[in-house]
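Values in this text are rule-based calculations from the coordinates and carry no lab data. These numbers were taken from a predicted model, which means no experiment stands behind them. No Cβ is skipped: glycine too gets one built from the backbone with ideal geometry, and neighbour counts run over all protein chains shown.
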Amino acid sequence: MPFKLPLALLASLTASSAFASPEYAIENPLRPGAKAAHCSSAQTVDGCIFHSVAGDTYTARLPVGAGEHWVARSAEAGEVTFEQLPASEPEGGQAYQLIKLLPNPAHNADASVTFDKLTGQADTLKVIERRRISVMIHPA
């Protein structure tokens, strides 16, 4: 004979799990990047998010070695622009390339940003690493 849970117990288990709320990095589960961890100021890692409110800007810190550099692009035209900053001094033997992200403060948007690490000469550039982040933008 199969085990049967009393109907009242089953109903209470279903009800309690239906209203359980997961913890989000940003309390807005309807936005694509809401579950992502905030991008650290130490190093920008794959899958993190920058949360821009009223024109906030951020700087991505990406590790580089000799003969390497990063390029940034956004899938959503006009939502995020980029500015190359002078490279940081090596810290503990690791140099970082700095790219300033300038979200468009006029739009409420979720933008995807891809960073590609390139190596090689101009005619033989090769992508050796890719990181994708989200930028959640709230208008000013």
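In straight Cα distance, which aspartates and glutamates are under 14 Å from K126, not counting same-chain residues fewer than 8 positions off?
E68, D116
Work out from phi, with θ = phi - 60° and the Karplus expression 6.51 cos²θ - 1.76 cosθ + 1.60, the ³J(HN,Hα) of each residue of the range 47-61, listed in order in whole Hz, and give x for Gly and Pro.
These are the phi-based 3J(HN,Hα) values: x, 7, 9, 9, 10, 9, 10, 6, x, 4, 10, 9, 10, 7, 10 Hz.
Counting other beta carbons within 10 Å of each Cβ, put I49, I128 in order, fewest first.
Listing I49, I128 from fewest to most nearby Cβ atoms yields I128, I49.
I need the shape label for the range 66-140. Rule: rounded when a/c is under 1.5, else prolate if a/b > b/c, else oblate, with a, b, c from the alpha carbon gyration tensor.
Because a/c hits 1.5 or more and a/b exceeds b/c, the range 66-140 counts as prolate.
Neighbour counts of other C-beta atoms within 10 Å: give me E68, E91 arranged from fewest to most.
Details: E68 16, E91 10.
So the residues, fewest neighbours to most, are E91, E68.
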